[in-house]
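Undergrad: Here it is, the structure, as structure tokens.
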Amino acid sequence: FSFIGISLGVAILIIVMSVMNGFRTELVSKILGFNAHIIVEPHIKPIDKSKFSNNKLNSISSELIITNNSEGVLIRKDITKGIALRGYSDEDFLKLEFIKNGNFIGNSKKLIENSISIGKNLSLDYNLNLGDKVSIMSTTGVDTIIGTFPKQEIFLITSIYDSGLADFDRNIAFINIKTLENLFNINSSKRSLEIYLKNPLNINATKTKIQNLYQEEFVYTWADINSSL
């Protein structure tokens, strides 16, 4: 009975640890597959692109992507939903991990002017399909003789992605970076740098290296963004 008790205790401990480690691995892989590993945001000056050729930066990074983001309202018939928008060039959009893995339907090469890529859960919740048109209302306005009206543009859904995390799929969409800046009146000097690392798990030591390189900018990591998890 003593032997069986010890065996059961050790077996339960191993099983619980294995389940928790598996859950952590799966959660981290989903987060890292969708979000930038490190984000550098400008403070006063624009991001210094000359540092992209820095040997220390190149030794730890696999991709460097310029982006911009904002928040707007998605509108279609009886649908009104707040949504976070990320802007990329059509070339940089193809460098994202979930695009490389093929976790989408549609044409990933068409993140051009007035095209939009939405999440799978958002498309299911509101019955949105490829080829549908939706309106995005900006938080900025246009001055007219009768007052200020919010800017609004029509977008064509050219792709639907699946990040594996429902919160991301429901609340984040991708549009062309120049279109985003025009719609929300954002200056291109406010563009951020997304850094994708060769080893994203050793994040604290890597963050220090990036902070030493970009001392006048805001630097935060995937672990900072998802600290609640």
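Undergrad: I'd like the distance separating the alpha-carbon centroids of segment 168-208 and segment 88-114, in whole Å.
TA: Each part's Cα centre sits 14 Å from the other's.
Undergrad: Here is a further query. Could you sort Val28, Val73 by accessible area so the largest value comes first, with the probe set to 1.4 Å?
TA: Sorted by accessible area, descending: Val73, Val28.
Undergrad: Another question, then. If you roll a 1.4 Å probe over the heavy atoms of the protein chains, what accessible area per residue do you get for segment 140-229, in Å²?
TA: Here the residues of segment 140-229 average 54 Å² of exposed surface.
Undergrad: Label segment 141-224 by shape, choosing from rounded, prolate and oblate, from the square roots a ≥ b ≥ c of the eigenvalues of the Cα gyration tensor; if a/c is under 1.5 it is rounded, and otherwise prolate applies when a/b is larger than b/c, oblate when it is not.
TA: oblate
Undergrad: Further question on the same structure: Is it possible to state the helix-based mean residue ellipticity at 222 nm for the chain, with each DSSP H run of 4+ residues giving -39500 (n - 2.57), the sum divided by total residues, to the nearest 500 deg cm²/dmol? What is it?
TA: It comes out at -10000 deg cm²/dmol, rounded to the nearest 500.
Undergrad: Please report the carbon-and-sulfur percent of the accessible area for the chain; probe 1.4 Å, protein heavy atoms only, DNA, RNA and ligands left out.
TA: The C+S portion of the solvent-accessible surface of the chain is 55 percent.
Undergrad: So which helices of the chain fit the span-like rule, where a helix is a whole DSSP H run, its Cα atoms reach 18 Å or more along the axis, and its mean Kyte-Doolittle is at least 1.0?
TA: Qualifying helices, which must be both long enough and hydrophobic enough, are 2-34.
Undergrad: May I ask you to give the solvent-accessible area per residue for segment 1-94, in square angstrom, as obtained with a 1.4 angstrom probe?
TA: 61
Undergrad: In the structure displayed, which of Lys81/Lys190; Lys100/Lys120; Lys100/Lys209 lie more than 23 Å apart, Cα to Cα?
TA: Violating the 23 Å limit, Cα to Cα: Lys81/Lys190; Lys100/Lys209.
Undergrad: Looking at the square roots a ≥ b ≥ c of the eigenvalues of the Cα gyration tensor of segment 1-44, which shape do they give, rounded for a/c under 1.5, prolate if a/b is larger than b/c, or oblate?
TA: prolate
The values are calculated or read from the model by the stated rules, or taken from the named source; none is laboratory data. Here the structure is a predicted model, which means the values were calculated and not measured. Note: areas computed on protein heavy atoms with side chains; ligands, DNA, RNA excluded. Shrake-Rupley method; radii C 1.70, N 1.55, O 1.52, S 1.80 Å.
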